[in-house]
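The structure appears right after this line, and notes come after that.
Computed from the coordinates by the stated procedures, all read-outs in this text should not be read as laboratory data. Fair warning: this is a prediction, and the values are worked out from it, not measured in the lab. Here Cβ is always computed from backbone atoms with ideal geometry, including for glycine, and neighbour counts include all displayed protein chains.
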């Protein structure tokens, strides 16, 4: 499978219509349908984000969006992190976070990143240097923890 995977990094204005459609479909498939969370995915933040994703034949396999300081938090941040069901177990999530951290460091010139992690992924993010802030909360009935990387 990995031979045809293409990684892309784009701002909102750089999206093609098919790319935008594929990304929104992946986010709805994972967060709304799979995790059973009807939530407002279209939150007017996509326009302010840099989007990073892996695709194969036009289908999104892994995705996240990153923000500069002062948009979501005082620090830069990573959000809407997903790997589609079909792509799990192939280390795409690890590559995605690595690309996100590198892109933040290169574009925004900082290594300080804040995220809101689903609790079952705390160990995963700890592997990238994120630390539990102790700020825990329910978001759409899913336990989350705020984490920071300095």
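Summed over qualifying helices (DSSP H, 4 residues or more, each -39500 (n - 2.57)) and divided by its residue number, the chain shows a 222 nm mean residue ellipticity of -6500 deg cm²/dmol. Taking 7 Å steps out from each Cα toward its Cβ at residue 141 and residue 12 produces label points 3.0 nm apart.
Of the peptides 53-62, 107-116, 75-84, 31-40, the order by per-residue mean of other Cβ atoms within 10 Å, starting with the highest, comes out as 75-84, 53-62, 107-116, 31-40. Contact order, relative form, for the stretch 13-150: 18 percent (alpha carbon pairs under 8 Å, 6 or more residues apart, mean separation divided by residue count). Note on residue 123 and residue 28: the model spin-label points, each 7 Å out from Cα along the C-beta direction, lie 3.4 nm apart. Taken over the alpha carbons of the chain as equal point scatterers, the Debye sum produces base-10 log I(q)/I(0) values at 0.11, 0.12, 0.16 Å⁻¹ of -0.39, -0.47, -0.88.
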